[in-house]
Amino acid sequence: MRIPLAVLEDIIDGSGVAPAIEALLPIGVRHRQLTARTLLTGMMLTLADDRPAHLTRVHQALTALPAADQARLGIAEQWKTGPHQLTYRQAEYTFNLVADALSKDEPDGAPSDALARTCDDLLEASIPAAYKDGSAALAADWTDVETWSRPPPGGTTGCADPEAHWGHRNSNLPGPKGEMFFGYYLSAATMTREEKGPAVPELARRMTLSSCALDPVRALAKVLTRMAEDGIALGDILDDSGYAHRDADAWAIPLRQAGAQLIQDLHPSDRGPKGTHHGAIIANGNLYCPATPKPLLELGPLAPAATPEQTAAHDQQTAELARHKLGPVSADDADGYHRVMCPAVMGKIRCPHRPESMTLDRGRPEILTPPEHPPACCTQQTITVPPAVAAKTRQKHDYPSAAHRRSYARRTGSERTFSTIKDPATTSISRGWCRLTGVTPLMLWIACLLAARNQRILHAWHARQAGNDRRAAAGLPPKTRKRRRQTLASLAAGPP
């Protein structure tokens, strides 16, 4: 798909980053032919045509435009000596000025505030107004980006990219499932549908790049909280155990303060019972009755290849566990405190310590061995839960319930985002894709790449919606994707 020049210019103009960058650039003695706006246009044109992020490609893309566009964008100008077309040296010079203006005085592997704001505005402008409020849910993930520089030789620390660092990435190839690489972590937040809402195009709404010496979780948390500060409401944040396993002040607490609701996969070391609060058992982010059966508290997530029978059995167990949970009776106050109530008082289980619950029907679970010395959660109507209790593991749905499993399935949108920019058939951000080093050049290029990628996603989305409308007009159901995976059972059931 070829993205029209007008669409790319509208993104740059709508973001307002070009005038902001120009204000940061030094004023030279001579007139600078290439402006920041035209430079960004050339970068977007290069990436829209699936070309690598090389400045030579930017020069080629700009000088290949029609004469009218070249004159309008300042690529061709009338000098005292006659007509003059933009040279590669001019493109290189302007890019270096922009990179220097957006860099930190002392690089530390993290983007400057000016660079982070520029990338935020570019991505936000690449999302049409009709889809900005379509969903507040975001799927978060990070991936690897190798630098063009070779790592420092053994026993040394110097190399061509001093901001890069050794990092770890997972691999789906045969052999070891993990390997080391030298470069940066790319974090992105992708729009996904609401739990009970219609489908939305999976557009990359925010991104950041940081050295592997820094924590990518804290880097993305800073970006998402800045969204809330800008007036963009945060909804469900879907993330894997790499985010959930961090300290609460690195991810969970800042996002809750910003208004987000977490839906995450818990790390194996964070699952199961983790202490008590006023006698209630802390497990998987919730408080449970002290007499909850231990096998229920130690339930893990359902295996991806589970059979329908296994799924039904697992859902029955998680529903039984939910009956033993202390239910909330108030929302969090300004300081993060809330109150919860004993499940017997709420009528979910039968307990001898709550005589009124023993009149309930026997279809509810019954506590046969209540605590000999009842704690506060068994004697009081409600107990107060401070924000420090289960601060890291508390989330929107009970883990690992069926509701959590269905909601968490939306997180795959983040993986599809990275697959589209790592596809060897189009644009692959593998080593050599960009031969510039440092956080600033790489992050600016990747922000432009994701903005162009959003336009491809929108084009495919509109084409699919138009196809569904035609099928609906013809009385046909919407087109669904065919299941391509063939199992041994399906092959064995087929003809010989």
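The values are calculated or read from the model by the stated rules, or taken from the named source; none is laboratory data. Everything numeric here is computed off the predicted structure, so don't read it as measured data. Here the Cβ positions follow ideal geometry from the backbone for every residue, glycine too, while neighbour counts run over all protein chains shown. Just the protein is used for accessible areas: all its heavy atoms, side chains included, with ligands, DNA and RNA removed. Shrake-Rupley method; radii C 1.70, N 1.55, O 1.52, S 1.80 Å.
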Anything in the stretch 211-246 that is over 24 Å from L266 (Cα atoms), of a type in the set (G, A, S) and surrounded by 17 or more Cβ atoms within 10 Å (Cβ to Cβ)? List them, or say none. S211
Against the definition (of a type in the set (D, E, K, R), in contact with a helix residue (DSSP H, G or I) (Cβ under 8 Å, 6 or more places away or on another chain) and under 29 Å from A460 (Cα atoms)), how does R246 come out, yes or no? no
I'm told Y399 meets every condition in (1) closer than 30 Å to V58 by Cβ; (2) surrounded by 22 or more Cβ atoms within 10 Å (Cβ to Cβ); (3) touching an Asp or Glu at 6+ places or on another chain (Cβ under 9 Å) except one. Can you identify the failing condition by its number? (1)
A91 - would you say it is of a type in the set (A, V, I, L, M), open to solvent by 20 Å² or more (accessible area, probe 1.4 Å) and modelled with pLDDT of 95 or more? no
Just wondering, is there one or more residues in the stretch 167-177 that are more than 19 Å from I429 (Cα to Cα), modelled with pLDDT under 95 and under 23 Å from the mean Cα position of the chain (by Cα)? yes
Return the residues of the stretch 423-456 that are farther than 17 Å from P162 by Cβ, among the aliphatic types (A, V, I, L, M) and touching a residue at least 24 places away in the same chain (Cβ under 8 Å); say none if nothing qualifies. I429, L444, I446, A447, L449, L450, A451, A452
Evaluate the stretch 63-72: report whether one residue or more is over 26 Å from Y184 (Cβ atoms), at pLDDT below 95, over 36 Å from the mean Cα position of the chain (by Cα) and not in a helix (DSSP H, G or I). no
Restricting attention to helices (runs of 4 or more DSSP H) lying wholly within the stretch 374-478, give those where 2 or more residues are within 25 Å of R246 (Cα to Cα) and among the aliphatic types (A, V, I, L, M). 402-408, 439-473
Pairs please, first residue from the stretch 36-58 and open to solvent by 10 Å² or more (accessible area, probe 1.4 Å), second anywhere and part of a loop (DSSP other than H, G, I, E, B), Cβ atoms under 6 Å, 6+ apart in sequence or on different chains. D50/T426; D50/T427; P52/W433; R57/R51
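Give me the residue from the stretch 119-129 that is in a helix (DSSP H, G or I) and open to solvent by 10 Å² or more (accessible area, probe 1.4 Å) and, out of that set, nearest to A99 (Cα to Cα). Give the derivation first.
First, pick out the residues of the stretch 119-129 that are in a helix (DSSP H, G or I): 119-125, 129.
In the following step, the residues that additionally are open to solvent by 10 Å² or more (accessible area, probe 1.4 Å) were identified as 121, 124-125, 129.
Values: D121: 17, E124: 21, A125: 21, A129: 29 Å.
The extreme case among them is D121.
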Restricting to the stretch 130-153, count the residues that are open to solvent by less than 80 Å² (accessible area, probe 1.4 Å) and either acidic (D, E) or not in a strand (DSSP E or B) (or both). 12
